[in-house]
Amino acid sequence: MRYWSPGPRTTVALFALLALAGLLVLRLADPQPMNLVRMAIFDGYQRISPRPSVPAPVRVVDIDNESLDRIGQWPWPRTILASMITTIRNAGAAVIAFDMLFAEPDQTSPRMIVRTWPQTPDFEALKNTLLELPDHDDSLADAIGRAHVVLGMAPGFGKASATPPPRKFGFAFTGADPADYLPRYPSVTGNLPVLQQAASGLGFLTVPVDDDGVARRMALVIGMDGVVYPSLVVEALRVAQGARSIVARGADAHSGSETGADGLDGLKVGHLTVPTDSRGEMWLYYAKDTPDRSIPAWRILQNDAEAIAELAGRIALIGATASGLGDVRATPLSPVEPGVMIHAEALEQILLGQFLERPDWVAGAEIMSLLAIGTVLIVVLAFRPGIVVGTLSGIAGAGASIGASWFAYDLAGLLLDPLYPALSAVVICVVSVTVRYVLAERERRTVRSAFSRYVAPEVVDQLAERPETLRLGGEMRELTVMFCDIRGFTGITEAMTAEELNGFVNRCLSPMTDAILDAGGTIDKYMGDAIMAFWNAPLSNDLHPLMACRGALDLHRCVARPWPTGTDDADASKVATPPLRIGIGLSSGPCCVGNFGSDHRFDYSALGDTVNLASRLEQQCKVYGVDTIMAESTWLQVGELASLELDLVQVVGKTQAVRIHALLGDERLAAEPWFGALKSRHDKSLAAYRRREWDTAEREFTRCRHEANGRLDRLYDLYFSRLAEFRSSPPDAGWDAVYRPTRK
């Protein structure tokens, strides 16, 4: 049974798809740590480009440290606050909102002071006199009742309290009832009833923070005991406009578009519309602190005309920034920001229409961008692998995500999350490059394992570094093929034991293998005492015929020494084997080279007519009495070496005759004068032989034999034998001078 095996591109793509799927699951789960990272990115945007500091009709009457120094320690008698309210009302402020609670009676009121006095006649008259004075809380309530004042409430999660105070406005909603989606609080801390009844509006003071303690959003409406209440900011805006109701707009009632989301997507307060998320929260868009935002309270109380004039037509927020008084929060722009300043920021951005929004549709857009960036990178990295491409792609993908998010923030006030799309770019690139690297390493190990037996170590290193140069599975290529066989091997080894034979063969084949590898050859296979090798694969080598011939000459040199027959080289007791002789056949031509075998076992090998011819020529070495025979296809490319033409031969299995040559030495031998004379006479001898000039051929062959000085006796004996045969039995008229051996 055959099993499908993915290629490198498919493998990289599959792993990258798994990574993308994991990121998609992570985005859908959106764990809190990832949300905090997202929030930190949005904070960074605000630090880089905060909300423009444009003058807005909002002022903070600040109970700061200097005011405490001038007026006295806190809490001040509420008659002072009543005087402040009156001054601000007379200045023409649109509304006065207190970022503080008046949950307990003023301890400086006459009726509170006399409670601790002794019950003696001496104090009774004075007590009665004090009780005739106005109560401070009543004075404050009277001042509140004469002005447009909004008081605060503090919702909490403690034990359920009494019924919250009644609302001062009407509440309506369009679309689905948003009450189920609003933050709910079971308890509330309010103000003295006399003060709440006198106030024009009531709003909660809570500024929620995220898990990292940073205030990024403000709840504009909450639920308490089934009743919807506004924040101090919303109530101040309502009272300032004289509006009698607040309208909550459901997400499914968004004008002009159907989001399909639940909950809220905005509030309408008078003529102002405030975008919110589904829970009725507004993203806070902070501006840098400006000196004209706040007025010290002491300047109002001491009737500073310039300061009082600043309040005309504005929303006046009364709160404390003095050390130890006001509640503080961390914001994207400041680690400690008084709560009253955060309320002022919220009022400013609503009045100026400078909003940050993160609509419900952005989640889907972020998921789509995650998938789009991830898919593009998967395709790119599957077809264009590499660390450089992977790194640049990751940077480009992450940069595109962050850039799009930044421009959405800077140009449109949209908070688009760049985290997951950027993370998808980085993760997919890391996964793709890593998988590609692992595959490349595995491929290199495979190449090393497959070719370390066949080629030289430096060639293995080149293949491992550039495995793409291999086309495993078979390709047509010009090769020079060598067959090498030890002569007289059977006679040499017939007296050896099996153990001695094994050691002898190994000691013979090892240096022969080294000679082939050193010449750039590839070992195809070992066949007993024989070796098959080839050149120009797996790495290309344009000089493969020459390299193969040099390898053949090196082989003859390496075996021309006595060989020990013991079981190891240290066993010097058996050194009786004479120098070996080997026969080599060389042929150059097209071959199919690659991995051949079965699905379970294969070898890197070469097939083709060139291989068969090299094998046949090696066998002919015995016939012609030479050590190396090469086909003319090889000889034509190594003319600088010392060689002699041997014959025209039609070997078994071939239909065409081939011209064969004996390789006798290197360039130095070819340059010897005596060899040049021998070659010239030898060529003349062959020409006379093929012209049927038997006497001339015999005479020239005799001189050649003499000049060869015993090196080619077997060759010339062969021709003398043929000449004698042809004299007694002349060949027919169609004789082509081709020798046709009957055995392989």
Tell me which residues come under 5 Å, amide H to amide H, from A330 once H is placed; ignore anything under 5 positions away on its chain. A215, E337
Measure off 7 Å from each Cα along the Cα-to-Cβ vector at L411 and D225, then give the distance between these two points in nanometres to one decimal. 5.1
For P(r) over Cα pairs in 10 Å bins from 0, in percent, one of [x] 3, 14, 23, 24, 17, 10, 6, 3, 1, 0; [y] 2, 11, 14, 12, 8, 7, 6, 6, 6, 7, 7, 6, 4, 2, 1, 0, 0, 0; [z] 2, 13, 21, 25, 22, 13, 4, 0, 0 was computed from the structure I shared and the rest are decoys. Which label? [y]
Full-extension gain between V438 and L18, please, as 0.36 nm times their residue separation minus the C-alpha to C-alpha distance. 149.6 nm
Share of carbon and sulfur in the accessible heavy-atom surface of the chain [1.4 Å probe, %]: 56
Share, in percent, of DSSP beta bridges within the chain that are antiparallel, nearest 5: 65
Under a Cβ-only charge scheme (Lys and Arg +1, Asp and Glu -1), can you give me the dipole magnitude of region 206-363 about the Cα centre, in debye to the nearest 20? 400
For region 203-324, report the translational diffusion coefficient in µm²/s to the nearest whole number, using Stokes-Einstein at 4 °C, 1.567 mPa s, and a Kirkwood Rh over Cα pairs. 77
222 nm [θ] for the chain, helices only, -39500 (n - 2.57) per DSSP H run of 4+, per residue, to 500? -14000 deg cm²/dmol
Whenever you get a sec, line up D554, D138 from highest to lowest accessible area (probe 1.4 Å, protein heavy atoms). D138, D554
Leaving ligands, DNA and RNA out of it, work out the accessible area of K622 with a 1.4 Å probe and give it in Å² to the nearest 10. 100
Quick check for you: with a 1.4 Å probe and neighbouring chains kept, what is the accessible area per residue of the chain, in Å²? 46
Placing +1 on the Cβ of each Lys and Arg and -1 on the Cβ of each Asp and Glu in the chain, which of V738, A316, P538 has its Cα farthest towards the positive end of the resulting dipole? V738
Between A687 and L723, how many nm apart are label points set 7 Å from Cα along the C-beta direction? 1.7
For region 617-744, just say rounded, prolate or oblate: build the C-alpha gyration tensor, square-root its eigenvalues into a ≥ b ≥ c, call rounded for a/c under 1.5, and beyond that prolate if a/b exceeds b/c, oblate if not. oblate
Put +1 on the Cβ of each Lys and Arg and -1 on the Cβ of each Asp and Glu in the chain; which of L663, G390, V188 then has its Cα farthest toward the positive end of the dipole? L663
Could you tell me the relative contact order of the chain? Use alpha-carbon pairs under 8 Å, at least six residues apart, and round to a whole percent. 11
Which ³J(HN,Hα) values in Hz, rounded to whole numbers, follow from the phi angles of region 178-192 under the Karplus curve 6.51 cos²θ - 1.76 cosθ + 1.60, where θ = phi - 60° and Gly and Pro get x? x, 4, 5, 9, 7, x, 10, 10, x, 9, 8, 10, x, 10, 4
Computed about the Cα centre, the charge dipole of the chain from +1 Lys/Arg and -1 Asp/Glu charges at the Cβ has a magnitude in debye, to the nearest 20, of 2240
Taking the full set of protein chains and a 1.4 angstrom probe, give the accessible area of C592 in square angstrom, rounded to the nearest 10. 40
So for region 182-255, using the alpha carbon gyration tensor with a ≥ b ≥ c as root eigenvalues (a/c under 1.5 gives rounded; past that, a/b versus b/c decides prolate or oblate), I'd call it oblate
Gained length - S323 relative to A560, 0.36 nm times residue gap less alpha-carbon distance: 75.1 nm
Suppose accessible area is computed on protein heavy atoms with a 1.4 Å probe; arrange L284, L28 from highest to lowest. L28, L284
Whole angstrom only: what separates the Cα centroid of region 94-111 from the Cα centroid of region 391-426? 49
Taking the Cα centre of region 261-389 as the origin and placing charges on Cβ (Lys, Arg +1; Asp, Glu -1), which of S369, A287, A344 is farthest toward the positive end of the dipole? S369
Computed label-point distance, nm, for sites D360 and D142 using a 7 Å Cα→Cβ extension: 5.2
Exposed chymotrypsin sites (Phe, Trp or Tyr not before Pro) absent: longest stretch of the chain, with sites in DSSP loops and at most 10 other Cβ within 10 Å deemed exposed: 158-744
If I stretch the segment between R659 and D609 completely, what's the gain in nm (0.36 nm per residue apart, minus their alpha carbon distance), one decimal? 16.5 nm
What list of ³J(HN,Hα) values in whole Hz, one per residue of region 536-547 in order, does the Karplus curve 6.51 cos²θ - 1.76 cosθ + 1.60 (θ = phi - 60°) give from phi, with Gly and Pro shown as x? 5, 7, x, 8, 6, 8, 5, 9, 4, x, 5, 5
Region 8-49 and region 697-744 have their Cα centres apart by a whole-number Å value of 85
Residue-wise, which Karplus ³J(HN,Hα) couplings in Hz belong to region 31-39, taking 6.51 cos²θ - 1.76 cosθ + 1.60, θ = phi - 60°, and x for glycine or proline? x, 4, x, 5, 5, 5, 5, 4, 5
For S67, S680, S323, write out the residues from largest to smallest accessible area, computed with a 1.4 angstrom probe and no ligands counted. S323, S680, S67
Amide H neighbours of L646 under 5 Å, at least 5 residues apart or on other chains, H built in the peptide plane: list them. I660, H661, A662
Ignoring everything but the protein chains, give the 1.4 Å probe accessible area of V328 in square angstrom, nearest 10. 80
Out of residues 5 or more away from A97 or on other chains, whose amide H comes under 5 Å of its own, with H placed 1.01 Å from N in the peptide plane? V150, A316, L317, I318
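The values are calculated or read from the model by the stated rules, or taken from the named source; none is laboratory data. As the structure is a prediction and not an experimental result, all values here were calculated from the model. Because the Cβ atoms are built from the backbone with ideal geometry, glycine has one as well, and the counts that use them run over all protein chains shown. These accessible areas exclude ligands, DNA and RNA; they are computed on the full protein's heavy atoms, side chains included. Shrake-Rupley method; radii C 1.70, N 1.55, O 1.52, S 1.80 Å.
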